[in-house]
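Shown next, in structure tokens, is the structure this report addresses.
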Amino acid sequence: MNPDIASLGVSVHAEAVMEVRGLDGETFRHDDGRPFTITLLSQDNDAYVRLARQQADRRLQQMARTRTPALTGTTEQEQVELLVAITVKWDLCMNGAEVESTPREYRRLYATIPALREQVAEFTGVRKNFLTG
């Protein structure tokens with residue numbers, strides 16, 4: 001069978017489960033052996049695309065108005081909001097306690113743990129992670 005351009009299509013509703021890894025590359029695990037996981041939507045998801053466009057428009061409007069580029073802190077906050085928009089749920093522990101699976105907690109940990117934010121951004125940036133079958 002010949003390759004087909006349709007194989008590049010990823011459903012905007014696709015979900016994938018990412019195992020959370022430590023800096024040593026080892027998967028974090030609960031006491032019962034379950035891996036720490038984060039269920040994520042692809043970056044092709046409507047909510048992600050819409051929010052990314054709104055953020056870009058805001059930055060362009062600010063630059064046109066003030067003639068100054070967006071500050072790095074602003075772009076980091078924007079990245080956190082994009083990751084919150086595509087996080088469906090997670091199963092994590094921090095300091096021995098399970099972390100609630102809510103947008104508020106997603107925002108808090110993505111903002112305060114750069115390695116987690118980077119891991120999620122890297123995982124969701126690979127469309128292959130969202131292909132099924």
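A few comments on the model shown:
- Quarter the surface of the alpha carbon convex hull of region 12-126 and you get the mean projected area, 7.9 square nanometres.
- Measuring r between the beta carbons of VAL126 and ARG65 and using R0 = 41 Å, the FRET efficiency lands at 0.70.
- Protection proxy ranking, peptides 80-89, 113-122, average beta carbon neighbours within 10 Å, highest first: 80-89, 113-122
- R0 of 30 Å, Cβ-Cβ distance ASN95-ALA14: FRET efficiency to nearest 0.05: 0.40
- Formal net charge of residues neighbouring ARG21 (Cβ-Cβ distance under 15 Å; K, R +1; D, E -1): -3
Laboratory data are not the source of any read-out in this text; all were calculated from the coordinates shown. Keep in mind the model is a prediction, meaning the values are calculated, not measured. Glycine gets a Cβ as well: all are built from the backbone with ideal geometry, and neighbour counts include every protein chain shown.
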